[in-house]
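A.B. asks: I have a structure I would like to understand better, so I am pasting it below and will then ask my questions one at a time.
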Amino acid sequence: MLPLLWLIPTLPLAGFLVLALSGKYLGHRSIAVIGTSSVALSALIAILIGIDFIAVPPPGFVFRQEAWIWIAVAGFSPGIGFYLDALSLVMVLVVTIISFLIHLYSTEFMTGDDGYARFFAYMNLFVGSMCILVLADNLLFLYLGWEGVGLCSYLLIGFWYRDSGNGRAARKAFIVTRIGDTAMALGLFLLFTHLGTLDIQSLMQRVTQQWPEGSELAILAAALLLGGAVGKSAQFPLQVWLPDAMAGPTPVSALMHAATMVTAGVYLIARTHVLFSLAPPVQLAVAVIGALTLLLAGFSALAQKDIKRVLAYSTISQIGYMFLALGVGAWSAAIFHLMTHAFFKALLFLSAGVVIMSLHEEHDIFRMGGLRKKLPVAFWTFLIGSASLAALPLVTAGFYSKDLILWQAWSSAGGNPWLWAAGWGGAILTGLYIFRVVFLVFFGEARAATPPDTRRPGLRITIPLIVLAAFSIVGGWIETPPFLGNLTLFSSFVQHALPPAQVVHDGKNDETILELLAMAASLGSIALAYLLFLRYPAFLHGLMLIPALARIRKFWHFGWGFDRFYEFLFVRPYLWLAYADRNDVIDNIYKMAISFTLRWLQKVDRHDVIDYIYSGLAELCLFLYRALSATQSGQVRRYAAAIAAGSIGIIFIGIFA
Amino acid sequence: MGATMRTAEAIAAIPMHHGLMLAAILFALGVIGVLVRRNLIFILMSIEIMLNAAGLAFVVAGARWEQADGQAMFIFILAVAAAEVSVGLALLLLLHRRFQTLDADAVSKMRG
Amino acid sequence: MILPTLIFILVAGGVLSWVVERWHPGSAKWVALATAGIELVLTIWLWLQSASAMALPAHGGWLAEIRAEWIPRFGVSFHLAMDGISLILVVLTAFLGVVSVACSWTEIQERAGFFYFNLLWTLAGAVGVFLALDLFLFFFFWELMLVPMYFMIAIWGHEKRQYASIKFFIFTEGSGLFMLVAILALVFIHYGSTGVLTFDYFELLNTAMSPSTELWIMLGFFIAFAVKTPIVPFHTWLPDAHTEAPTAGSVILAGVLLKTGAYGLLRFVVPLFPQAAGYFAPVAMALGAIGILYGAFLAFAQTDFKRLVAYTSVSHLGFAVVGIFAWNPWSLGGAVMQMIAHGISTGALFVIAGILQERTHTRDMRRFGGVWGVMPRLAAMGLFFAIAALGLPGMGNFVGEFLVLMGLSRVNSVLASVAAVAFVTSVVYGLALVQKIFHGENTHGWQLHDLSGREMATLYSMAAITLWLGLYPQPVLDTAALAIDGPRNIATGQYHSGAE
């Protein structure tokens, strides 16, 4: 099966091509079939390859395939080539399977939209780009997928293009991520200049051979790559684009947050972990950025009204956890959380989509409520997703992955209690904000303006929800802490690609104590949410009457004011300068110089002494001009006469001179 | 053979300056015609007269020095004259079509 | 013999289409199409031929050459030669020739014969410029392409065509004068030192002169090419000319004429004056980087579609300039790639602007919006080429920009970082373009019919080429590589010694 690897990205891209070129002539049914089956096939191939890979591992747990050399100039020869190891296998499985489920869901969700073909074309392109990103064997090809993902996010966020607000959100996403991408491109220049290749594996080899730990070049290169990762994964300080990205259709959000796009940064750092571990300051920065982001986004999520914005901030926060894990060197824990997060976040978005659809495009959680009975499927799946997100102990996938991160943030070489504390605080926030949504949306009294459309969603929506719900529960059981059976299926599989975290602060009972604390955070926060948002809502209302608290809440609501800050610092000056200069200063300088010279000459003409020479010259010219132009009578006979007279004159001169 | 001889002698008998005088008079007539006539057809005819005057001068000169070049030049002039007339007449037709007149003075759009 | 044929076909086709239009109105475009088509087929055939010839390094990078006496007294010869770069640029010229005939098909109704005459003669001049290796001949072709272009703008242009055409002419002629003076100075210096009066490129390489003289003469050439490319303080003719020209004129201007400037830098400025160019390179690279950013910055603020695209050309050609002066294999390959990719993608954007203008009679982007709803095919193509212009990987421009910046970062990493900011600014203008025209609400109620078959064929073929250049640029890079190595080997040593 392994030689079919190239088909995984190619099939969705082929689907994109077919839909883009002939979507106009196809009916809904065939569009859905083409759009979904391309991803389904690629998921199927990924699964078969995965089975093959595990059953008969290729030599060195690595399989490479190169289609052709992309660019070859003087030693620079990145190819269109694929690289499959444990890490990229996990990633590609997550990406294709979840994408397939989301595609299936979309076939029903997007019914009746007049951009049906366009939607599936973009979605296929999105999946194809992400597969390229994950499977690329060199950084330039990875960069192609990386930018392709950015483009698709732009296209899909602005999918309903008639509304200019969507367009703004889409452009914001593309531009902000592109800032990170530029840093990444500079990183590629640096790596090639000093190491002479962009092939990831040989790059990692040369890095260890040529750069000592903590060398300036390693730090600079890692920092530049981190810039790219921060942009794409919506981490501090480039997190601002993701909340606005909710403008797209809900399946797009699910795709972006779970399978594609935002996980790319995490993948990049894991892929180049050798470089990062050579640059301890940058690694620390990764951890700190992760910790900071998870807290900032957690607080912001708490103050949102739009159900999708809560989920968006929760994604930022959860990616923060992954960065935290990467920063402390817990590579496989980060990827494990990436996987479980993909399951439950896709689930949350998809079931939120059902809620939004049945309430006729209502996004405000304060205008929902009491939907538990009316939308049972959505309720149960959303509940499972929320429990998993809040790391409900023992039964959910999120518990296992998040606790692994928390434990390693404490115990590993790069970890320290502060990072752990941030993660632990974040865990409380997580339970609080997500169960706030659960209680407000599904419990209490109905506050919707219009009664919900309680028709049971069709199979194409229900099946993905149920499958994802199942994954959100069982997905974590492949990696359990020591006191719960000590299964290490996941980490021992990926350790072929990612080294295990080095545990240094290993007290005998530490882990159990920390696990218990984490469980307490999870359960306690859910209980707190129950009390605050369902049982005694009046208490919170009372608090909000205090102006200072209300202001803080507003501050959180607007994402800590980053948008406004950037607006004043970058956007406004750029716009202002651009409009001020739209007629091109340089051109105006030329024009002014010319008119100034002319005016100066006129002035000279009026006052100066030399002026008589000029004006005399001018008048002479004018006189001559009049005299000569008088000879141009336009009458042929006069010309002939002049010629005759001239000839006679010349003959006379010839004879007498 | 003898007949040619006699013609050549007869021509040679005419003094050269007679021939040249005739050419000059013809040429002057042509010039005057170009200058005083307003009808384009007459102007063209006057130009023809000037050309023929020049041709005559060549023939006379050729006879005087007993060289064939004079006649050769005359044939050239004939060819040029034919070309010139065809261009001239074409112009004249276009002019007539556009201005409905053959008055050379009426066509003075190119004055400075 | 193939080289003069390439020029002669265009010259003869131009005359023929002018004449034929008299007999059968409406047939000029067919003649022009056939001419450009034959030219394209010939050049592609040449390219395929060269692919095998390239394998032999004995050629020294030159694929074909012809030399005949012209004015022996002054050492002027009719000397044409083709290497990889010329070949690629001639192929580009021929292709854009076909495109520009196709996009004028219905736009040009008045005096069509004379229009196609001008179009083909401009192309002939450009092909001559790319092939000439005698400086006198080069200058001749350089002037030859300007005059018909002037007519194209002045006669078939839009509202402000008088202003634009005169500005174009003054800028290019004025700068051409600098070049003429520089050519003559170079020739006489060569005459003084060797006693041979010649305008031949190969003879003039390695002319001995003092560094200051070399710098001054180099500047003469540089200014002429800088105006044409354009490099920043000399770019102001370009937005006016591009905006006011008819569609075909804009396509040819952006796709071909600007490339003659960059080609001149590559072929003449650096090889003829390696030390002075090396000494001057930091300034030139800085100007190029400024152009990259300044063009992108200005493009964003425009409200006129064609003007926006015109400013993006300033930005894109800045990459070519930077790449040429960074003078290493990556940056040079990137510069050539950027020239080709820019020719296609910007040409396509002008074609799109022309299509929209033909239907709506406006280029003002404030009057558009929601075009996607009525012309989905056109809008998709607009999106495609906007994305190509902002340098998305997988499209030709990316390969060029990436290689240029990668080469530049070896020479001057600070400047490379500054120039890389254009990755962001180009997204800003590219997306603004898409938003203003294709997305949004169709508030003006445009009812437009979508692309016709001819327009689709034009745009789809350009899109296919852009993708091909982006995903498999190797044929272009290989063809350029040998040609780059030639002058590079001549000049590199001195160039980098000058830079120190």
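The values are calculated or read from the model by the stated rules, or taken from the named source; none is laboratory data. For clarity, every value in this text was computed on a predicted model and none was experimentally measured. With ideal geometry, Cβ positions are generated from the backbone for all residues, glycine too; neighbour counts draw on all protein chains shown. In case anyone asks, the SASA skips ligands and DNA or RNA and just uses the protein heavy atoms, side chains included. Shrake-Rupley method; radii C 1.70, N 1.55, O 1.52, S 1.80 Å.
A.B. asks: Give me the Kirkwood hydrodynamic radius of chain C in Å, from all C-alpha pairs, to one decimal place?
C.D. replies: Evaluated over chain C, this radius sits at 22.5 Å.
A.B. asks: Cα-Cα pairs above 23 Å in chain B: how many percent?
C.D. replies: 44
A.B. asks: Hydropathy first: keep DSSP H helices in chain B averaging at least -1.0 on Kyte-Doolittle, then drop any whose Cα extent along the axis falls short of 27 Å, and list what survives.
C.D. replies: Counting only whole DSSP H runs, the qualifying helices are B:16-36, B:40-65, B:69-99.
A.B. asks: Efficiency by 1/(1 + (r/R0)^6): what FRET value for A:A538 and A:T450, r their Cβ-Cβ distance, R0 = 22 Å, to the nearest 0.05?
C.D. replies: After rounding, the FRET efficiency stands at 0.25.
A.B. asks: Over segment A:162-229, what relative contact order in percent results from Cα pairs under 8 Å that are six or more residues apart?
C.D. replies: Relative CO of segment A:162-229 lands at 47 percent.
A.B. asks: Counting Lys and Arg as +1 and Asp and Glu as -1, each charge on the Cβ, what is the dipole of segment A:426-550 about the Cα centre in debye, to the nearest 20?
C.D. replies: 620
A.B. asks: Which of the GluC sites (Glu not before Pro) found in segment A:132-239 are in a DSSP loop and have at most 13 neighbouring Cβ atoms, other than their own, within 10 Å?
C.D. replies: Those that pass, being in a loop and sparsely packed, are A:E213.
A.B. asks: Let me ask something else about it. For chain B, what is the calculated [θ] at 222 nm in deg cm²/dmol (nearest 500), taking -39500 (n - 2.57) for each run of four or more DSSP H residues and dividing by its residue count?
C.D. replies: Result for chain B: -28000 deg cm²/dmol, rounded to the nearest 500.
A.B. asks: Relative to the longest principal axis of the C-alpha atoms of chain A, give the angle of the C-alpha long axis of helix A:86-109, reported between 0 and 90° and rounded to the nearest 10°.
C.D. replies: The helix A:86-109 is inclined about 80 degrees to chain A.
A.B. asks: Which angle between 0 and 90 degrees, to the nearest 10, do you get for helix A:116-135 versus the longest principal axis of chain A when only C-alpha atoms count?
C.D. replies: Its long axis makes an angle of about 80 degrees.
A.B. asks: Right, another one. Can you give me the angle between helix C:453-471 and the longest principal axis of chain C, using Cα atoms only, in degrees from 0 to 90, rounded to the nearest 10?
C.D. replies: 50
A.B. asks: Using a 10 Å cut-off on Cβ to Cβ distances, tally the other chain neighbours for every residue of A:631-644 and report the average as a whole number.
C.D. replies: 5
A.B. asks: Per residue of A:567-575, what is the mean number of Cβ atoms on other protein chains within 10 angstrom of that residue's Cβ?
C.D. replies: Mean partner-chain Cβ count within 10 Å for A:567-575: 1.
A.B. asks: Moving to a separate point now. Any chance you could get the radius of gyration and Dmax over the Cα atoms of chain A, in Å?
C.D. replies: For chain A, the Cα radius of gyration and maximum Cα-Cα distance read 33.4, 132 Å.
A.B. asks: How compact is segment A:450-569 by the rule of thumb for globular proteins, expressed as Cα Rg over 2.2 N^0.38 Å?
C.D. replies: 1.66
A.B. asks: Now, a different point. At a probe radius of 1.4 Å, figure out the A/C buried accessible area, summed over both chains, and give it in Å² to the nearest 100.
C.D. replies: Summed over both sides, the interface buries about 4900 Å².
A.B. asks: Helix-only estimate, please: 222 nm mean residue ellipticity of chain A, summing -39500 (n - 2.57) across DSSP H runs of length 4 or more and dividing by its residues, to the nearest 500.
C.D. replies: -23000 deg cm²/dmol
A.B. asks: Next question, about the same structure. Name the residues whose placed amide hydrogens come within less than 5 Å of the amide hydrogen of C:L63, ignoring near sequence neighbours (fewer than 5 apart) on the same chain.
C.D. replies: Answer set, sorted by chain and number: C:M82, C:D83.
A.B. asks: A further question follows. Cut-off under 20 Å on the C-alpha distance; same-chain residues fewer than 8 positions from A:K373 excluded. Which aspartates and glutamates are left, in chain and number order?
C.D. replies: Leaving aside aspartates and glutamates fewer than 8 places away in the same chain, those within reach of A:K373 are A:E361, A:E362, A:D364, A:E445, A:D453.
A.B. asks: Also: With all pairs of different alpha carbon atoms counted, what Kirkwood hydrodynamic radius in Å does segment C:1-146 show?
C.D. replies: Value: 15.8 Å, from the Cα pair sum.
A.B. asks: For an R0 of 41 angstrom, estimate the FRET efficiency from the Cβ-Cβ distance between A:K305 and A:L516 and round to the nearest 0.05.
C.D. replies: Approximately 0.75, to the nearest 0.05.
A.B. asks: Follow-up. In segment A:139-219, with Lys and Arg counted as +1 and Asp and Glu as -1 at Cβ, which of these residues, A:I179, A:M204, A:H194, has the Cα nearest the positive end of the dipole, that is, farthest along it?
C.D. replies: A:I179
A.B. asks: May I pose another question? Please work out the ratio of the alpha-carbon Rg of segment C:259-395 to 2.2 N^0.38 Å and round it to two decimals.
C.D. replies: Ratio of Rg to 2.2 N^0.38 Å for segment C:259-395: 1.20.
A.B. asks: Still on this structure, please answer the following. Carbon and sulfur together cover what percent of the accessible area of the protein assembly as shown at a 1.4 Å probe radius?
C.D. replies: Here carbon and sulfur together make up 70 percent of the probe-accessible area.
A.B. asks: What order do you get for C:8-16, A:362-370, A:171-179 when each peptide is scored by the mean count of other beta carbon atoms within 10 Å, highest first?
C.D. replies: Packing proxy ranking, top to bottom: A:171-179, C:8-16, A:362-370.
A.B. asks: Rounded to whole Å and sorted largest first, list the principal axis extents of the Cα atoms in the protein assembly as shown.
C.D. replies: Here the Cα extents, ordered largest to smallest, are 146, 72, 67 Å.
A.B. asks: Right, next: Near the amide H of A:I69, under 5 Å away, which other amide H atoms are found, from residues 5 or more places off or on another chain, if H is placed in the peptide plane?
C.D. replies: Placed amide hydrogens put A:I80 under 5 Å from A:I69.
A.B. asks: I would also like to ask the following. Give the relative contact order (percent, whole number) for chain C; include only Cα pairs under 8 Å separated by 6+ residues.
C.D. replies: Relative contact order here is 16 percent.
A.B. asks: Can you tell me the accessible area per residue over segment C:37-163, all protein chains present, probe 1.4 angstrom, in square angstrom?
C.D. replies: Result: 38 Å² per residue.
A.B. asks: Which log10 I(q)/I(0) values, to two decimals, does segment A:85-214 give at q = 0.12 Å⁻¹ under the Debye formula with one point per Cα?
C.D. replies: -0.59
A.B. asks: Less than 20 Å apart at the alpha-carbon level, and either on another chain or at least 8 residues along: which lysines does that give for A:K305?
C.D. replies: List returned: A:K345, A:K554.
A.B. asks: With heavy atoms of protein chains only and a 1.4 Å probe, what residues of segment A:155-204 have at least 30 Å² less accessible area in the full set of chains than alone?
C.D. replies: Residues shielded by partner chains are A:Y161, A:R162, A:R171, A:F174, A:I175, A:R178, A:T182, A:L186, A:F189, A:F192, A:T193.
A.B. asks: Projected area of segment A:141-242, taken from the Cα convex hull and averaged over every viewing direction, in nm²?
C.D. replies: The orientation-averaged projected area of the Cα hull of segment A:141-242 comes to 6.6 nm².
A.B. asks: Looking at the P(r) of segment A:527-599, how many percent of alpha-carbon pairs lie beyond 20 Å?
C.D. replies: 64
A.B. asks: Peptide C:437-447: average number of partner chain Cβ atoms within 10 Å per residue?
C.D. replies: 2
A.B. asks: Something else about it: Set the Förster distance to 22 Å, then compute FRET efficiency between C:L177 and C:E110 from the Cβ-Cβ distance, nearest 0.05.
C.D. replies: 0.10
A.B. asks: Quote the accessible area belonging to C:D240 in square angstrom, nearest 10, computed with a 1.4 Å probe and with ligands, DNA and RNA left uncounted.
C.D. replies: Rounded to the nearest 10, that gives 10 Å².
A.B. asks: Hey, which aspartates and glutamates would be in cross-link range of A:K402, C-alpha to C-alpha under 17 Å, not counting anything within fewer than 8 residues on its own chain?
C.D. replies: Result set, ordered by chain and number: A:E479, A:D510, A:E511, A:E515.
A.B. asks: Right, another one. From a point 7 Å beyond the Cα of A:T111 in the direction of its Cβ, which residues of segment A:246-287 have a backbone N at a distance under 19 Å?
C.D. replies: What the label zone holds, given the 19 Å backbone N cut-off, is A:249-252.
A.B. asks: Taking the simple approach of a point 7 Å from Cα along Cα-to-Cβ for both C:E159 and A:R206, what is their distance in nm?
C.D. replies: Calculated label separation equals 5.5 nm.
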